[in-house]
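Input: a single structure, listed below in structure tokens.
Read the figures in this text as sums done on the coordinates, not as results from a lab. These numbers come from a predicted model, not from an experiment. With ideal geometry, Cβ positions are generated from the backbone for all residues, glycine too; neighbour counts draw on all protein chains shown.
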Amino acid sequence: MKSSGSITAGKDSKTGSARDALWPNYSPPQDLVITHGLGSELFTAAGDAYLDFLSGIAVTSFGHAHPHLVAALNEQSGKVWHLSNVFRIPAAERLAGRLSEHSFADRVFFANSGTEAVEAGIKAIRGYQLASGNADRHRIIGFSDSFHGRTLAALAAAGNESHMRGFIPMDYGFDQVEWENLPQLKQAIGANTAGIILEPVQGEGGIRPISAEFMQQVKGLCEEHGLVLMMDEVQCGVGRSGKLFAHQHYGITPDVMALAKGLGGGFPVGACLTTEAIGETMVVGTHGSTFGGNPLAMAVGNAVMDLLLEPGQLDEVTAKSDYLMDHLQKLVAQFPKLIVSIHGLGLMIGIKCVVPCGDMLNKLRSKKLLVGKSGANMIRLLPPLNISYEHLDQALQIIEEALLEFQDA
Ligand SMILES: *Cc1c(COP(=O)(O)O)cnc(C)c1O
């Protein structure tokens with residue numbers, strides 16, 4: 001479709017393939033169409049098997065078609081799909097209770113995506129300050145290279161110019177500070193500051209766990225100045241880091257936390273967790289969602305929790321992470337001109353490349369290994385949390401083969 005000066009133009013030129021009806025905002029490989037998945041593998045109609053080290057961007061944490069998740073969805077789908085929050089949803093009450101039991105939080109709001117969970121948290125921060133008599137405290141500090149989602153306030157929180165470009169006419173009440181720059185952070189805190197938002201492990205901006213020292217300093221500043229500390233664990237939470245929540249590696253607790261991605265194992269769900277003091281300010285009329293806490297999503301969310309809470313499940317994540325990182329470090333030593341370092345926490349791993357990471361991703365895909373990219377020329381590995389060692393070895397072998405080919409080229 002040709003662009004023209006008129007916003008109504010093009011209506012009568014309905015040619016082209018079915019795909020042309022989608023916004024051109026994504027660029028999936030045209031030659032790959034996946035028809036089904038099983039465990040850590042995805043299959044095409046032709047029967048090609050791909051090893052899935054992307055997990056739909058850290059979403060299908062227990063692989064594809066996991067029998068426990070399939071059973072939970074099937075069972076619920078024959079009962080009731082949707083009620084809205086006009087009525088009680090027992091499965092939502094149960095999942096909220098379980099999330100609270102295993103975290104700092106006392107109160108949970110359910111949404112349908114990561115960005116909505118973040119937005120709920122942003123409102124909760126401001127709502128809490130307002131209810132505490134601090135109406136002037138509305139500004140929130142975010143960090144460079146962050147990603148909090150694509151809705152407008154979430155874009156403003158991350159402050160990434162390339163994402164905001166033209167879509168946001170004002171600053172939306174956010175201030176930006178360089179990642180791990182303590183003097184800048186201190187400088188940015190003022191009489192209007194309400195809270196701070198950060199990813200314990202940055203995802204889109206480069207797989208980058210926050211340093212223990214900076215995490216402690218941020219927590220200290222929040223206590224000192226009466227600021228709400230919010231963690232965006234949409235990507236790094238729900239077991240991905242080797243603990244249920246990534247901030248638990250740091251011996252601190254936030255006041256607000258956004259979850260999504262892995263929480264539904266592939267079913268869209270988001271959650272915003274808060275302390276009692278913050279949650280209780282979000283009274284009737286302050287916030288809501290038609291779909292949030294939907295019975296189907298809650299059935300699957302509870303089934304994901306069943307798997308996560310199985311004894312030893314998270315220790316397995318750490319053991320597999322150590323195994324994968326160890327072997328990747330050896331590849332760094334073997335191919336220093338092609339890859340330079342390994343980053344991450346748990347099964348959220350970045351390989352910093354010298355070769356363009358897009359070329360690397362394409363080569364890995366041609367060898368039937370699906371991976372992601374991340375900021376600053378990184379390959380991002382997000383395998384299912386329950387991946388087998390056999391599949392880890394298979395992926396490592398493919399990565400080594402790809403590196404050998406780059407070396408010989
Ligand atoms: C993916 C992501 C989001 C946005 O989640 P959506 O479900 O795409 O809205 C927010 N924060 C982080 C850290 C993410 O990785």
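Laid out as a table, the results:
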read-out	value
Given K261/K368; K79/K243; K123/K219; K261/K367; K79/K261; K261/K363, the pairs whose alpha carbons are separated by over 30 Å	K79/K243
Simple Cβ-charge dipole of the chain, Lys/Arg +1 and Asp/Glu -1, about Cα centre, in debye nearest 20	920 debye
Cut-off under 5 Å, modelled amide H: who pairs with K373 long-range	R380
Nitroxide proxy distance, nm - points 7 Å out along Cα→Cβ at S144 and Q397	4.3 nm
Residues N362 and V80, FRET efficiency given R0 of 51 Å [Cβ-Cβ distance, rounded to 0.05]	0.70
Order of L345, L381 under a 10 Å beta carbon neighbour criterion, fewest first	L345, L381
Value of Rg/Rh across the chain [Cα atoms, Kirkwood radius]	0.97
Sites matching GluC sites (Glu not before Pro) across region 145-230 that sit in DSSP coil, with at most 13 neighbouring C-beta atoms within 10 Å	E178
For G265, distant residues with modelled amide H under 5 Å away	S61
Loop-resident sites, region 244-320, for GluC sites (Glu not before Pro), counting at most 13 other Cβ within 10 Å (DSSP)	E280
Under 5 Å, built H, 5+ apart or other chain: amide partners of E199	D232
Ranked packing of 366-378, 102-114, most packed first, by mean Cβ within 10 Å	102-114, 366-378
For region 271-317: rounded, prolate or oblate by the Cα gyration tensor [a/c cutoff 1.5]	oblate
Backbone HN-Hα couplings from phi across region 254-260 [Karplus 6.51/-1.76/1.60, Hz, Gly and Pro as x]	x, 9, 9, 8, 9, 10, 6
Cα shape, region 67-308, gyration tensor, a/c 1.5 rule	prolate
Within a Gaussian network of the chain (alpha carbon springs, distance under 10 Å), most fluctuating of V256, V283, V355	V283
Distance in nm between pseudo-label sites at A65 and Q184 (7 Å out along the Cβ direction from Cα)	4.8 nm
Rounded Å value of the spacing that divides the Cα centres of region 146-202 and region 31-45	37 Å
At most 11 other Cβ within 10 Å, DSSP loop - trypsin sites (Lys or Arg not before Pro), region 149-249	R165
Computed [θ] at 222 nm, helices only, for the chain once each DSSP H run of length n ≥ 4 contributes -39500 (n - 2.57)	-11000 deg cm²/dmol
